[in-house]
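Below: the structure, in structure tokens.
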Amino acid sequence: MIESGPPRRHRRPGPGGLVRLSPVILTVVIASLAYTTPPDLAFSRLLPAAPALAAAMWPVLPTVLLGTVCLLLMIGLSLVFPDLGTWWTAAGIIAVTVAAAYGSHVRLQRERTLFQVRLVADAAQQVVLSPMPHRLGNIEIESLYLAAAAEARIGGDFYEVVDTPYGIRLLIGDVRGKGLPAVGAAATIVNAFREAAYDETDMVDIARRLDASSTRYNAAFPLDGAMERFATALLVQIPHEGRRIDILNCGHPPPMLLHRRTLRVLESATPSPLISLAELVGDHYNVDTYDFAPGDLLLLYTDGIAEARARDGEFFPLAAWMLRQPPTPPRELLTALHRDLLRYRRGSLDDDVAALAVRLCEP
């Protein structure tokens, strides 16, 4: 899976180290100016700024030690310049150091809490977006996920791929909403798909089981207010020998099929009901079948891609972008999509993004 975060790298000395040393540098600069300039300039009154700055990046003990150093420097300055107003500045250093130590303590507690939240988010991501094989038989598969809520690392978009006796079955979808509140609903649908994909011979029965599981979840964990929780979903089945694909579209953006240099948007003639809305609009599901030849590339995506807007309000031109891509493996295609989408959005996302790229290779 291609993730939104940068790859992990070994830390190297750089500007980050200088930033962490900035309280020490500030202390040295202030002390030097206080010793080398006339007393009436009173640069020594800036010494409380050093422990205040340290609280933003240092633990409690180093912050207190720096405040102590500043206090000793102030006492030393008073020996050189007796009329410097030492006691007022010393009292300020003590007061700021105490406040800075408390602020450092609170910051560290929040950082630990955020770390635990991210561990939970990572665990949730493993439940909803489990690692998938990059190749199943003669089918190459790659995935992309970008969460709009960067702190959560996961949102309401989901996907899954399973190899069953009936062929390779894929699911991609989008729960209404973003961030952690949508994770439970997404996990319910994905887990239901993992079971149903192995048990059911018909894709229509899989869709009905997804709808039933989602409906039960929504009843157990209702949203606040009058809004309904629902999800779009796209079910795809590829026989092991390839040559065709079956698609059941529950209100999801249509997939795109790139055959040589021809792009086809696989719109369903009769869309199926959204997940958890079958009771309201009827459970009439429709499966469409299309040719799938060796070398063909199938792109499944969520509306975070199709509805991504530039600053001028223009949507990301996904179809035109696909036509410009050279023949490439799924991983390289999604790497380019990741790069160009973030560039189009100036590095930020308004909605979660998920995509699956599937290519049929020569047997």
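A short reminder: the numbers here are calculations on the coordinates, not readings from a lab. For clarity, every value in this text was computed on a predicted model and none was experimentally measured. Here Cβ is always computed from backbone atoms with ideal geometry, including for glycine, and neighbour counts include all displayed protein chains.
Post the alpha-carbon centroid distance, region 250-316 to region 71-92, in whole angstrom. Answer, in whole Å: 72. Where [x] 21.9; [y] 24.2; [z] 19.7 are the candidate values, the label of the one calculated here for Kirkwood radius over Cα pairs in Å is [y]. Pairs of Cα atoms nearer than 8 Å and 6+ residues apart set the relative contact order; for the chain it is 16 percent. Report note on the peptides 103-112, 349-358, 276-285: ranked by the mean count of other C-beta atoms within 10 Å, highest first, their order is 349-358, 276-285, 103-112. Simple rule: put +1 on each Lys or Arg Cβ and -1 on each Asp or Glu Cβ in region 216-296, find the dipole, and look at Asn218, Gln237, Pro294; the Cα lying farthest toward the positive end is Pro294. The eigenvalues of the Cα gyration tensor, multiplied by 5 and square-rooted, give region 15-121 an equivalent ellipsoid with semi-axes of 32, 14, 8 Å from largest to smallest.
Quick one: which residues, 5+ away or cross-chain, put their amide H under 5 Å from the amide H of His252? H built at 1.01 Å from N. Result for His252 returns Ala233. For region 210-312, a Kirkwood hydrodynamic radius built from all Cα pairs, placed in the Stokes-Einstein relation at 4 °C and 1.567 mPa s, yields a translational diffusion coefficient of 83 µm²/s.
Each residue of region 246-297 gets 71 Å³ once the volume of the Cα convex hull is shared out per residue.
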